[in-house]
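Novice: Take this structure first; my questions come after.
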DNA sequence: TGTGAAAATGTCAGGGC
DNA sequence: GCCCTGACATTTTCACA
């Protein structure tokens, strides 16, 4: 996992994060090299798993997904069996965009995208009927100030 | 914003979300059409803003960004002036991957990716010195169970 | 919508720093 | 070792039926 990246690699990654549809030639120009080395580096970065995949970023509103919730979950269960079921429930549901296991008071946080509040309730009811959960707090997003996958790449 | 999408559009969007590096030909095969109509639809979806951009998804760990925090923020300030400064502070910082204004008790939630706990503290100190904040709770992610930008596209 | 042809781009071999 | 030049294969792009 500890991949060593030089300045050129980082420039390439930055360019790809900003716009992955750019041609190899444009990227090469930006990083100040020619196509071949850039191409070889990209291939290596992909193989090393630094570049996971390439995706189109869609507008949620245009798809009718108007509601975004952050869900804070507390549970009393900490057995392997329960965890496995909970994990599966999360991975199976496409409306769960993010799920993290946390340190401290709150055990899990989810980010859920759905059509509206009703759709969230359907999701919520389905989830708590599938796995036992002690306490749930849903935070409703009123405004998406910022939303990016572009990671900060140090120099 | 209310774009009407037919079944073919949705298939195209699903394919692009899954892997945007696919050739037009492959996508056409998947949706059961030939290249030209698929190409025209993609262009329209881009123009309509349904497809926002295309990006490479990187592995945060490979970049040395090992710590992920969710930050819950309460503030006593609700004036336009304060909000503007706060917004700017968030947009300016690359380590803030997500920021939402919330309904209810907690005013804002952030998702922050940094190298380690020390780097988070640097970020935190800088933020609270820049804008007045009433109360902050940081939730540390121990495990990223799921993390995707792929939106659920209904049939 | 589909065919097909021109332009652009991705891919890779060979040689040089 | 890594890089560049250049030639070939593939793909994108678009006019036209």
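Any read-out appearing in this document is the output of simple, stated calculations on the displayed coordinates, not a laboratory observation. Just so it is clear, the structure is predicted and the values come from calculations on it, not from any experiment. Virtual Cβ from ideal backbone geometry, glycine too; neighbours counted across all protein chains shown.
Novice: Over all Cα pairs of the protein assembly as shown, how is the pair count split among 20 Å bins, expressed in % and running from 0 up to the last occupied bin?
Specialist: 29, 59, 12
Novice: Here's another thing I want to ask about it. With equal scatterers on the alpha carbons only and no solvent term, can you work out the Debye log10 of I(q)/I(0) for segment A:59-138 at 0.12, 0.14, 0.20, 0.23 1/Å?
Specialist: Listed by q, the Debye log ratios stand at -0.33, -0.45, -0.88, -1.13.
Novice: Let me ask something else. Which distances in nm, rounded to one decimal and ordered from shortest, link the label point of residue B:84 to the equivalent label points in the other identical copies, with labels set 7 Å from Cα toward Cβ?
Specialist: 5.7
Novice: Tell me, what is a quarter of the convex hull surface for the C-alpha atoms of segment A:7-47, in nm² with one decimal?
Specialist: In nm², the orientation-averaged hull projection of segment A:7-47 is 2.4.
Novice: Rank these for me by crowding, A:4, A:141, going from fewest to most other beta carbons within 10 Å.
Specialist: By the 10 Å Cβ count, ascending, the order reads A:4, A:141.
Novice: Taking a label point 7 Å out from Cα toward Cβ, give me the nm distances from residue B:49 to the same spot in the other copies, shortest first, one decimal.
Specialist: 3.8
Novice: How far apart, in nanometres, would the label points at residue B:79 and residue A:134 be if each is projected 7 angstrom from Cα along the Cα-to-Cβ direction?
Specialist: About 4.3 nm separates the two model spin labels.
Novice: Still on this structure, I have one more. Taking the label point 7 Å from Cα in the Cβ direction, how far apart in nm is residue B:121 from each other copy of itself, listed shortest first?
Specialist: 4.6
Novice: On each of the three principal axes of the Cα atoms of chain A, give max minus min coordinate, whole Å, ordered largest first.
Specialist: On the principal axes, chain A reaches 57, 37, 24 Å in Cα extent.
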